[in-house]
Amino acid sequence: EKIAFLDSFEFVVIVPLNFWAGQRRTSRDKCNKENVYEPATGRVLCHLGPCGAAEVDQAVKAAKLAFEPWSKLSGMERARVMIEAAHIIESRREEIAETEVVNNGKSITEARLDVDSARLCIEYYAGLASTLAGQHVQLPGGSFAYTRREPLGVCAGIGAWNYPFQIAAWKSAPALACGNSMVFKPSPVTPVTAVLLAEIYMQAGAPEGLFNVVQGGQETGSFLCHHPDVAKVSFTGSIPTGQKIMEMASKGVKPVTLELGGKSPLIIFQDSDLENAVRGALMANFLSQGQVCSNGTRVFVQREILSEFVEEVVRRTQAIAIGDPLLESTRMGALVSRPHLEKVLYFVEKAKEEGATVLCGGERFVPADPTLRGGYYMTPCVLGDCTDEMTCVKEEIFGPVMSVLSFETEEEVLQRANDTTMGLAAGVFTRDVARAHRVVEQLKAGSCFINNYNITPVEVPFGGFKMSGIGRENGQVTVEYYSQLKTVFVEMGDVDSLF
Ligand SMILES: NC(=O)c1ccc[n+]([C@@H]2O[C@H](COP(=O)([O-])OP(=O)(O)OC[C@H]3O[C@@H](n4cnc5c(N)ncnc54)[C@H](O)[C@@H]3O)[C@@H](O)[C@H]2O)c1
Ligand SMILES: C[N+](C)(C)CCCC=O
């Protein structure tokens, strides 16, 4: 069974989007169905009923059953299944990417890269699966202790709508490599591709119930977080929801990984390679229609190069091809939903009221193609004359809106860059190597870039400081967030009793 394409513009979802115990499942709730839209056209793709407590329980039970055999396999055996899953993803790259485009609205070029990132993540953790090991500690008298790295059990994954397939892979790959099973809940806005990953793991040889998908919104998510058999919650989404997740997990003293929002600074010094700085600023703001957590939306430019930089950024922003996200030539597709588009446009209006200058974009965009007229498009926006107090500079907009600010000195820009409760990412462009490292050392952000922005190789940890999150995704360290240490003391002599 596949998700059906009726023709290139008429894609409807006719198959169930939940998956547990090895099968697609329809939610029983017929009363609370919500429409799922195609952002490019505004068409309804399907109606989605949320999973209730009983369905979440069935998915968790399936995951618990699968955990037993899976956690007993050697790392090499788990790796074999994961590598096979990666091969299947590679062979279905185009289909997964197109499905993602239809449900999310991002360009096909970007969607392909997201699918690649998902595959690479699974390959990377397959490689790490057989390296999981503990420590041997020598103690007096020939006694010793050793540690074992053991899985946690059933992990819950809860995803945001901006990278639906990639988030499902970034969470499941380290979880499965460590011997856990997972129940994943995608965003109800983008429910369509997670179930493809569930099928792929099964086809690759994973036991039934190893990776399950339950659909729904906050109620379904809270059933998952509160479920007594869920050992850990890994969440990607907004800060307010992250706070609730942490509160719910605290009831069961469950560990959490939180990948939350940001308002990251990108600092461009006058000695930068201007061409690369401009490219970096565009990559920092306009990927995925600006709906990227790590975006460097506060672009601080040193006064001496401000006008030259702004002129070039505006020229290239105006040249971004907006429109049908399935076309190869498109560089910016549709925002994820109508309410989200309205919210982003409201931020632009508010910026104007507060004294910012719209240097380009910031308007609703209606493509010439009549089939796309109901889509959620806007022109990418560059705001000039921004100051630190403006709403556009303080709050996460999560849309294609770049705020440009000018600065004079390194000391001043560092203070301003760090003046936020968030700390997901930060970037610096300069040719001065010493300055680059000095600045990065002082930036209070979990993911820092020197002379680039928004690259996320899966072998490198990614995550935030301050209110942007807890824990990391990707990289070797993430093994620690999906496993626990058991310490074993081994006595080789007599018990030295005090009694
Ligand atoms: N740091 C990262 O890696 C990263 C990546 C992508 C997105 N984000 C952030 O995500 C936000 C946008 O995504 P969003 O609008 O989907 O976020 P959101 O917080 O509204 O929703 C995220 C997920 O949480 C679920 N949810 C909502 N309330 C819940 C509750 N009470 N209990 C359990 N689950 C609940 C949603 O259904 C969804 O699946 C932005 O703030 C962005 O910065 C962060
Ligand atoms: C791959 N990107 C573009 C860096 C996105 C990382 C995930 C955050 O939204």
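The values are calculated or read from the model by the stated rules, or taken from the named source; none is laboratory data. Computed from a predicted model, the values in this text were never measured in an experiment. So basically every Cβ, Gly included, is an ideal-geometry build from the backbone, and we count neighbours across all protein chains shown.
Summary of computed values
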quantity	calculated
Pick from the range 152-165, criterion within 13 Å of ligand 1 (Cβ to nearest atom) and surrounded by 24 or more Cβ atoms within 10 Å (Cβ to Cβ), ranking: farthest from residue 486 (Cα to Cα)	162
Some residue of the range 420-438 being on the phi > 0 side of the Ramachandran plot and either modelled with pLDDT under 95 or in contact with a strand residue (DSSP E or B) (Cβ under 7 Å, 6 or more places away or on another chain) (or both)	no
Residues of the range 234-280 that turn out to be among the hydroxyl-bearing types (Ser, Thr, Tyr) and surrounded by fewer than 17 Cβ atoms within 10 Å (Cβ to Cβ), as a count	2
Within the range 450-472, tally of residues that are in a strand (DSSP E or B) and surrounded by fewer than 24 Cβ atoms within 10 Å (Cβ to Cβ)	5
Given (1) out of contact with any Phe, Trp or Tyr (no Cβ under 6 Å at 6 or more places or on another chain); (2) β-branched (Val, Ile, Thr); (3) away from ligand 2 (no atom under 16 Å from the Cβ); (4) within 18 Å of residue 278 (Cβ to Cβ), index of the condition residue 430 fails	(1)
Residues located in the range 181-219, provided they are of a type outside the set (A, V, I, L, M), farther than 20 Å from residue 68 by Cα and crowded, with 24+ Cβ neighbours inside 10 Å	185, 186, 190, 191, 193, 215, 216
Residues of the range 29-72 classified as of a type outside the set (S, T, N, Q), over 25 Å from the mean Cα position of the chain (by Cα) and within 30 Å of residue 98 (Cβ to Cβ), total	7
Elements of type helices (runs of 4 or more DSSP H) in the range 88-203, at least 3 residues being free of Cβ contacts under 8 Å to residues at least 60 places away in the same chain and within 27 Å of residue 246 (Cβ to Cβ)	164-177
Some residue of the range 191-199 being among the β-branched types (Val, Ile, Thr) and within 16 Å of ligand 2 (Cβ to nearest atom)	yes
Strands (runs of 3 or more DSSP E) enclosed by the range 242-336 - at least 1 residues per element that are modelled with pLDDT of 95 or more and charged (D, E, K, R)	256-259, 298-302
Failed condition for residue 477, given (1) more than 12 Å from ligand 2 (Cβ to nearest atom); (2) in contact with a Leu (Cβ under 7 Å, 6 or more places away or on another chain); (3) closer than 27 Å to residue 256 by Cβ	(2)
Residue identified as more than 16 Å from ligand 2 (Cβ to nearest atom) and assigned to a strand (DSSP E or B) among 485, 414, 498	485
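Conditions tested, residue by residue: (1) crowded, with 16+ Cβ neighbours inside 10 Å; (2) within 16 Å of ligand 1 (Cβ to nearest atom); (3) among the small types (Gly, Ala, Ser).
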position: 88; (1), (2), (3): yes, no, no
position: 111; (1), (2), (3): yes, yes, yes
position: 135; (1), (2), (3): no, no, no
position: 176; (1), (2), (3): yes, no, no
position: 179; (1), (2), (3): yes, no, yes
